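Written below as structure tokens is the structure these notes are about.
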Amino acid sequence: MPDTALPLRIEVIDSHTAGEPTRCVLSGGPDLGAGPLAERLEKLRAGHDVYRRAILCEPRGSEVLVGALLLDPVDPAAAAGVIFFNNAGYLGMCGHGMIGVAATLSYLGRIGPGKHRIETPVGDVTIALGENDEVTISNVASYRYRARVPVELPGYGMVHGDVAWGGNWFFLIEEHPFTLSLENEEQLTAFTWQVRLALAANGITGANGAEIDHVELFTAAHDLANQSRNFVLCPGKVYDRSPCGTGTSAKMACLAADGKLTPGQLWRQEGILDSVFTGRVELDGERILPYITGSAYVTSEASLIFQSSDPFRNGIPNHDGKAG
Ligand code: PYC
């Protein structure tokens, strides 16, 4: 797609959920038709990827931002459709992002207290606006695909993890030598990135050969009110500042499969910034229906400007030379 396809101006609202930012794109996005969200995602990926790079990558964005393109839903009874993306590509679902979308729609007055359905490329999600900025999302059905899968890591040795779906594919590791604290971020990123590379090199995937693009480490919570603490590496080699909604869904699927989490029991997942998502599950056959509660806050309402003479109009390529 030629650069000129970018409009001069794209309206966005930024928010953060438990510290992890979301940029909601309100208008100025490409015409993706009115088909199912999965179909529109493929059109965006194949023909209009410049939007993702220009909106999310530097100099207008940063590697930590997650984008949420707001679209008309297929079913007019739904509140919106949304496609999530980041500096590296596209996400099936995004838990913190969906809580950010809920806070943004509420800020705009487009939704009020109560439940609202949102369409995503991987299925419908319900958002419920509660009191004190709390949002509960009922995420897509989640499940553990494989338990205790071994993977050999150059420089680290053998590591075991579960492969689970929570709206994205995760490799979840309980046994590791690390302290999950912000000061160890570089070490944690290096390790989880090695895991990601080793999974790909060893052909370890999610169902139907899907790439596992999120790696999650766990340890005991710092706050005794919480059940667990995590560090989550996202596809663009950046860590999730929040406890990760889809990662918490994947975690609860593994716990439920092991009989360690029963329907209705609360799971308070602490993230690397000490912020917390509260989860619970309902059972759906072999799968779980995860509920994730958290809060998001609007941080800015802005127009992104794309001047035709700007050499970085389409975003700055990643260090590997690939554009986003
Ligand atoms: O909260 O699901 C999530 C998420 C995925 C990537 C970043 N956050």
Count, please, the residues in segment 13-44 that happen to be in a strand (DSSP E or B) and more than 18 Å from the chain's Cα centre (by Cα). 2
Picking from Gly245, Gly203, Gly259, Gly236, which residue would you name as being out of contact with any Asp or Glu (no Cβ under 9 Å at 6 or more places or on another chain) and within 14 Å of the ligand (Cβ to nearest atom)? Gly245
Number of the condition not met by Ser142 [criteria: (1) at pLDDT 95 or above; (2) under 16 Å from the mean Cα position of the chain (by Cα); (3) over 26 Å from Leu283 (Cα atoms)]: (3)
Have a look at Trp193, Trp165 and point out the one that is surrounded by fewer than 21 Cβ atoms within 10 Å (Cβ to Cβ) and within 16 Å of the ligand (Cβ to nearest atom). Trp193
Can Gly279 be described as in a strand (DSSP E or B), crowded, with 24+ Cβ neighbours inside 10 Å, among the small types (Gly, Ala, Ser) and near the ligand (Cβ under 10 Å from one of its atoms)? no
Looking only at segment 29-61, filter to residues that are without any contact (Cβ under 8 Å) to a residue 40 or more places away in the chain and either touching an Asp or Glu at 6+ places or on another chain (Cβ under 7 Å) or small (Gly, Ala, Ser) (or both); which one of those is surrounded by the most Cβ atoms within 10 Å (Cβ to Cβ)? Gly35
Which of the residues spanning segment 262-276 are away from the ligand (no atom under 11 Å from the Cβ) and either more than 23 Å from Ser295 (Cα to Cα) or not small (Gly, Ala, Ser) (or both)? Thr262, Pro263, Gln265, Leu266, Trp267, Arg268, Glu270, Ile272, Leu273, Asp274, Val276
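The values are calculated or read from the model by the stated rules, or taken from the named source; none is laboratory data. What you see is a predicted model; the values in this text were computed from it and never measured. Please note: Cβ atoms are built from the backbone with ideal geometry, for glycine as well, and neighbour counts cover all protein chains shown.
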